[in-house]
Structures are given as C-alpha cells and as structure tokens.
1. Being more than 14 Å from chain A (Cβ to nearest Cβ), surrounded by 16 or more Cβ atoms within 10 Å (Cβ to Cβ) and free of Cβ contacts under 8 Å to residues at least 24 places away in the same chain narrows it down to one residue among B:LEU92, B:LEU190; which is it?
2. For the structure I just gave you, tell me whether A:SER148 is modelled with pLDDT under 90 and either surrounded by 17 or more Cβ atoms within 10 Å (Cβ to Cβ) or within 14 Å of chain C (Cβ to nearest Cβ) (or both).
3. Which residue out of A:SER263, A:SER284, A:SER297, A:SER274 is in contact with a Lys or Arg (Cβ under 9 Å, 6 or more places away or on another chain) and either of a type in the set (Ser, Thr, Tyr) or surrounded by 24 or more Cβ atoms within 10 Å (Cβ to Cβ) (or both)?
4. Scan the helices (runs of 4 or more DSSP H) fully inside the stretch A:220-306 and keep the ones with 1 or more residues being within 21 Å of the chain's Cα centre (by Cα), within 14 Å of chain C (Cβ to nearest Cβ) and over 30 Å from C:ILE86 (Cβ atoms).
5. Which one is farthest from the other protein chains (Cβ to nearest Cβ), of the residues in the stretch A:75-120 that are in contact (Cβ under 8 Å) with a residue 24 or more places away in the chain and of a type in the set (S, T, N, Q)?
6. Within the stretch C:287-299, track down each residue that is under 21 Å from C:LEU48 (Cβ atoms), modelled with pLDDT of 75 or more and more than 10 Å from every other protein chain (Cβ to nearest Cβ).
7. What residue, among those in the stretch A:41-61 that are of a type in the set (S, T, N, Q) and modelled with pLDDT under 80, is surrounded by the fewest Cβ atoms within 10 Å (Cβ to Cβ)?
8. Could you tell me which of the residues B:GLY240, B:GLY235, B:GLY294 is closer than 30 Å to B:VAL30 by Cα and buried (at least 17 other Cβ atoms within 10 Å of the Cβ)?
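The values are calculated or read from the model by the stated rules, or taken from the named source; none is laboratory data. Just so you know, these numbers come straight off a predicted model, no measurement behind them. Virtual Cβ from ideal backbone geometry, glycine too; neighbours counted across all protein chains shown.
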Amino acid sequence: MFNYFIRRFYLLTITAFILTLLAFIIEHWTAHSDINDNMIFHYWDYMLAIMQGEFGYSTIDNQPIIRVGLIAFASTLELCFFAFILAGLVGIPLGLFAGLKRNGGIDYCIMTLALIGLALPVFWVAILFTMLPNMGGWLMPIDGNISSIYEVPVVTGFLFIDSLLVSDKYQLDAFLNHLIHIILPSSVLAIFLISEIIRLTRHAVTMVMRTNYIKAAHAKGLTRSQVVYRHVLKNATPPIVHQLRLQISTIISFAMTIEIVFSYQGAGMWLFDSIQQGDYIALSTAILIISGFILLSTILVDLFLVIISPTIRKSFYADQ
Amino acid sequence: MLINNEFNEQKIQSPLQYIWSIFRNKSIAVMSMWAVVTLIIIIIFCHYIIPYPPSLQHPNMLLLPPYWADGSEQAHLLGTDDLGRDTFSRLLKGVQLTLSGALLITLVISILGIIIGATAALTQGIKASVLHHFLDALLAIPTLLTALILIVLLGMSFENSLLAVSLSLLPQFIRGIYICIESELNKQYLIALRLDGATNIRLLRFGILPNIIEPLVTLLNRSFTMAILEITTLGFLGFGANMEEIELGVLISQNLDLVYLSPYLVLFPGLAIFIIIIIFNVFSEGIRHAVIEGEE
Amino acid sequence: MALLDIRNLSIDIVTAQGKIRVIDKATLNIVEGTIHGLVGETGSGKSLIAKAILGLHNENWIVTADRMFLDHIDLQKLSSKERRKIMGTEIAIIFQNPRSYLDPSKKIYEQMCEVLPKSMTKKRLFNTVASHKNQKRVIKELLHKVGVQNDQEVINSYASELPEGICQKVMIAMAIANNPRLLIADEPTTSMEVVTQAQIFRLLFKLNQLHNTTILLLSNNFGSISNLSDYISLIYCGQTVESGSYKQIIKSPMHPYTQAMIKTILEFDDNVEHKSQLYTLPGSIPSVNQLPIGCRLGPRCPKAQKKCVLNPEAVNYKGHIIRCHFPTLGEK
C-alpha cells in the first residue's frame, strides 16, 4: 500500500510538472509577446521563482498574487464545504431511499427532483436566489462574504475561523454575519450537489442491492434495515466517494460562477475582476492553486477510500 | 393456462429494431424524442417561425408582460423588453444560437474524443503515456477556468467561446471514453477477437463500439449539458457572445437590471435553458434504458 | 412424511415480449430426513424453484402454486416478517459461486455473527465480553463441524482472500448455524475442483445422516448426485418429467428423458468401444422464449408421437410420478 502511494506521488509530480508548463505558457503568452528568447531559459527562471514562492505581483494593488489567490480560493473552499455538508445531509438519505424503493412512486419523485436539479443553469438559479430575500421580505444579505463593518484580519483565509479568532472584539457577531452571507450561495451550489449525490447514491445502492451477497443476507433472515446498515451502506460508499472525487473540478467551476453572481469574494470573483482589469497573471496562478488543490485532494480521497474499503485495498495488492 | 400454446415463430429482430421497439413503448421517451425533433426544427427554421425580427423595436410597447398578465398585447406573446423588442422572437433566436452551438460542440468533441480516447486505450508505450499524463493535468483544471483562460488568450467572441468550451470539455470526454474502452478490452470476447487477428480498427468497430453505447450516451448527454451550461455562463459573464448576438446567457445578463421591473425577461431565457437540458436528458435516459433492457 | 410439499408450482416472468412461463406446474414432494436430488440441465429452472421456495424472487416474477407447504407453514401466505423468522431456522440455502454470496467488505467473523441464534447475539448490558467469547466459541465449533481447520485465520479474512471451497464451507456453516430442517443446496459444487466437490458432498451427506437435516440438492450432473440422493426429481425446461425414489429412477426409469440421462452416465466397467460416440439426446435445449408446445421434450424425444403436442398430465405409479404419454412400463 505504501508503494502504491509512492507511485501515486510520482505520477502526481509528473502531472504537476505539466501544469507548471501550462501555467508558464499562459503567463508567457499573456505577459510578453516576444518569444524570440530561449523558452527553456525562461521556463527555468519561472520554475526557480515558483520554488521560492515568487509568483509575481498583482498589477491592480501590487499585492503578492499568490497571497491574494490563496485567500480567495480559501473562501471558495469554504463555500464548497458548506454546500457539501448541506447536500450530504439531504442527498444521501434521499438517494438511499430511492435506491431501496427502486421503481416505486417515491423513487420517481426523487429522481425527477434530481433530474431537475442537474438541468438548472447555476447562474440563473443564483440570480433567482438573489431575488428571494426581496420577495420573501427576509433580512438577508445577497452580496459579499461579510459585512464591511467587521474588520476581520486574515489569519487562515477561512473566514469562519478568522471571524472566530476575533471573537473578543465582536463576540460571535462576525461569525454569524458570515454564516448568513454564506447560506444563499451555498444553497444554490447545494441544489446541484444534492442532485448529483442522489444520482450517485441511488446508482451505487441499486448496484449493491443486485449483488448476490444481499440475496444471501435476505436468506439469512435479516430485516430490511439490518441489511441496509450492515451490508448496503458499507459497500455503496466507495463508489459514491470515488465518483464525487471526479466531480470536484465541476463543483469548483459552479462555485466560481455562483460567486460572481453573489459577488462573494472567492476565486471566481477574483479571476473575474482580474480579467476585467487586464491582470492576466492571476490566470496562471489560479491554475497552479486550483489544480494543485484538486490533485492533492485526489490523493487524499484515494487514501480515504483505501482506509474504508477492504476490496480496494485488495486490488492494490494484486497490482504489485 | 399455457402461454406458449401455439407456434410462435418469432422473427429475430436486429438489435437496433429491438431497442427501438422497447423505446417506442415508453411514452415519456417518445415524447422527449418529438420534443428534440421540435427543437431541431426551431434551429433550422427559426428565421421563418419568429413573428418579428429580433432587433425590431416597438417604441410604444415597452416592457410588456406575457400574454396571460394584465396589460399585455396579444401581438407579443411573451411581452417585450425595455426597447420594445419582442421577447418571444429573441428567445427563439437565443435558443437557436445556444442550442446549435452546443450541438456543434457535442458533435466535435464526440468525434475528437472517440479518436483520441481510442488511440490512448489501444496503443501502448510513450504515445499513450504522454497522452495520459497530459489528460491528468488537464482534468485537474476546472472547466470554467480553462474556458476563461482560452477566452483571454483567443479574445472574446462567440466563436472563441465555443472553441474554449469544447476544449475544456474534451479532456473529460476523452477520459470517459478511455475508461469505457479500457474496461471493455479486458472482456473475453475482445480477447477472442484479438486472437483472431483483428486490427485495432476492426476491434473498435465491431468489438468495442456496439458494447459501449450505453456509457457513450451518458457521456454525450453530460457533455451536451455541460456545453449548454458553459456557453450560457460565458455569455452571461460577458466573455462569450457580444451584445448584438442573441444568446440565452447574454439575454439574461442584458435584462439583469430590469429584474425587478419585469422579472419575466430573466425568467424566460433561464427556463428555456432548463427545458432544453431536461428534454435532452430525458431523451438520452430513454435511449439508455432501452439499450440496457435490450442487452438483458 | 412430507416436509416440503409443492404442487403445481408455476413461475411466469414478465419481460418486454410478454409473460414467459419458465416453470410449468412443477411438483415436488420432499420426505423429511432424506436427500432429494433435483436434476436438470443448465437453464432448466432449478434455481428458480429454489428461489421461489425461499421467496427470494424478483418483482417481475409471478409465482403461483396450488399448494406450497413447509410442514404446516404455508409458504405462499407468509408475510415478510414471518418469512424472515423461518429463514435460517427452518430453511437455509447454500448457493453456487459462494464467494459472490459473501459480503466483500466484511470479515467472515462479522458475517457469521449475523446468523447465530438471536438469543446469542442479543446485546447484553453486562458480560458482553463473555457473550463475545461465547460467540467465538460457537463459530469455531461450526467451522470445525464443516471441516475448516484453521478457523482463526478464516474468520479474520475477507471473502476475496479465501479459496472457493473454503467459502462454500463457510456458507454451509452459516446455513446450519440454526439447525434448519430443510437445507437447499443450489449447485453447491459448480466451478470447484473434484476433490473439493467430493468434500462438500461428503459434508452434506454427513449432515443428513447425523443431524437428520433434509436436503434439497440441485445439480446439473446426474452422475455426481445420483448415488447420494434418496429421492430424485428430473426437470426439463421448467417441467418436472419424472420423480421417484433412487431405486425407482435408476432401476426402472419410465420417461425417455430419464433414460437418456442414465445412459449418459459414463460407466467405465462396460467396454466402451474405441472412438465410439457417447450417447446424448439429439438437439439442444430450446431457449426460454421459444419453447415447443405440449411436452417440452417433444422435438428431442425418441418416442414422440402426434399426441405429444398436448401437455401430458402427471401420473403417479406408487410414488413414482411421471409426465409422459408413452412411459416405459415394462417391469410393472
């Protein structure tokens, strides 16, 4: 198993190398148009700079671009994470229900909901959600991450944590304010995520329910709930997690779109502003940050899968 | 009560006929098929269907609501916008542009994707390995980011946004095809076909493609959905079609300021996107189910 | 005395092409304390009968029977709760391909705990350690009973790490944990080595002899189970063709199909002529959706006549049930 991860890591470095190459080409293309010089030297310089953490400076406010980017991406991650928790709480039980009562009335209802959720254009739903507080008469902010009256210094970049760190100044107000700000954007993202999770869970559960060992479990005289808790859940989790891993980049794409509608200060808004103001250095940095995160999360998810599932563990041994 | 009580000389149907006979029995699937046909007719004959030219302004009829609301005009089915342009005509024009763009993208990436994916799966050695790592790297970049980068590099226009969307969706499609072919290659009948000395082309044509219809339909549908969503997203963000070109995303962003004045102007384009995607999703689900049942 | 009494069991499967009758009026009478062999070619519907007895059928099956009794329990009228109660304690089943019937993500130990008698697995507030030990002891005994020596290793492994033969033994151990009265063995030895096959059969035989467990043994190989069973039923394309005691079937087979099956058993003491063809019935089994009308053996039967386009009724000659218009009644 250790060997496997060494190998994974090795593949990861190759992929990361290709990514830096892409980022370099983009930066080169957007920044200087003179390509007469030796490209390899340029690339070498670029790599050296990256190794030292020198990504360049934003042309808008002369801040180090990597710092701006990381803070923005942390907000995006916060949004995704929050939406993910919401979606998991709703989606998994619904998907499980649909999978167990396959082809029943409930199943059709749930699947219709999921189908609708996957077909809705995200930015449009976001616009509708920005109108909701106005129509419902709720006091709910529809732009930004946090009210500008709170001065929250950036420590970790994650506003939830940062706002807790300043709790001696504002008590929990800053935290709650951020929470209110994040609810609407994350529920838009959650609509998509819920549909995806329902679809995946239902598929995984149906696949497991068709297997022979579930028949055997019924033949043992176990009750339906016993079968679900003891056999179905454990065997259905790995494929769901695996499929969700492949969706991370889509989720981040959607989160970025939603941010722009809600002017939530995350990676999407940052890129949007940078492009509008011609600060193209942000693009190559964004590639490195976001893709780096996705690559890392891939490995972590794999590790998690190996821990929870003996069958996957087994297949690694077979590879060696 | 015997059921087989007479000579039932059944004709053995070809697989396509069989799938069609299953498909025909599902009313929802058939309905979605007709809806798809209608959409394609709209694409082709849009110019003749729309009641007014999309940029014709009716200065005395601004911001009319749709026909069921108070103060509407029968002449303008879905009302007018702030310059008095007919919403229905603009909507159809938008559907035409967006849908044809998405269909074009799906067609292009399905052809390219099958070729590249098959090459990656059927060849070994350095070609496959380079392709593989390159794909891994591309897959790690979110599609929206790829599209944004390409738009910045190529310049903003509708054609470039189509190009950007197809390039950003291509890696996912190739990966999907690659996984399908890879799992198919391990099956016994393909090993048998190989032992018969089949060339790679023959292997692909007779061994693999007929057996990956179901995942292929899912992949195509997914690419199509994402294509529509991304074209409209880019249009909405102002990176795709410019203001003169009528595209559903652009329509939404144009009318965003009027959302409290006349919410229909934002509502309808979004609904149109939603309905298009739903129709195609149901259609592909119908095909997929028919294929699955046909295989069983 | 009959433990399992099934009369005119029919199973229809609903498909896209309409209903297909896969089991047509099967009749099965299993005497308590015996081994009953159910023999039929692949696809003849043996497993379907087994699954219908257990109630493990899918939703698109329509199961009808005139009578389906396990002792005094009517299997057709059971609610799912009552059925759950008799599963394991009254009926247990072992399957073919045992590995796929074991949960791949759980250790054998956890799976075996599930089948232990309810009183033993009940969570007690106190002495959980003691009950845990007790469970381990019982599992160990069960595994020893079915001839698994290295019980510690086995209960700590996953199904994918064990050979097929051990998996089958584990399945048997799980099946007999509650001392069921009827054990259904659904082709327990397919895809196993001959030595393992012999072990499994010996194990089943021993169970029958020592615990008086009634066993319904399904097999597609007439030769391998015929000397094990007390009673044999033959099934062809979902119709029971002949059923009777071992002696009746082997000594005086009446149905042409049985006769053909007996001829196919290789007997090496006869002088089989060099390069002579082995005997089989001409033709092959028809597919389920294109069955012949009347007697389904019709087109392949050496004795078929015009009358065979009508479905023959089952006739009972002193416990020897047969379904044929032209049985061989020589010895009677």
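1. Going through B:LEU92, B:LEU190 in turn, the sole match is B:LEU190.
2. no
3. Sole residue among the options that is in contact with a Lys or Arg (Cβ under 9 Å, 6 or more places away or on another chain) and either of a type in the set (Ser, Thr, Tyr) or surrounded by 24 or more Cβ atoms within 10 Å (Cβ to Cβ) (or both): A:SER297.
4. Because the criterion is at least 1 residues that are within 21 Å of the chain's Cα centre (by Cα), within 14 Å of chain C (Cβ to nearest Cβ) and over 30 Å from C:ILE86 (Cβ atoms), the helices (runs of 4 or more DSSP H) in the stretch A:220-306 that meet it are A:233-246.
5. Taking the candidates together, the pick is A:SER75.
6. Residues satisfying the conditions are C:CYS295, C:LEU297.
7. Residue satisfying both the conditions and the ranking: A:THR59.
8. Answer to the check: B:GLY294.
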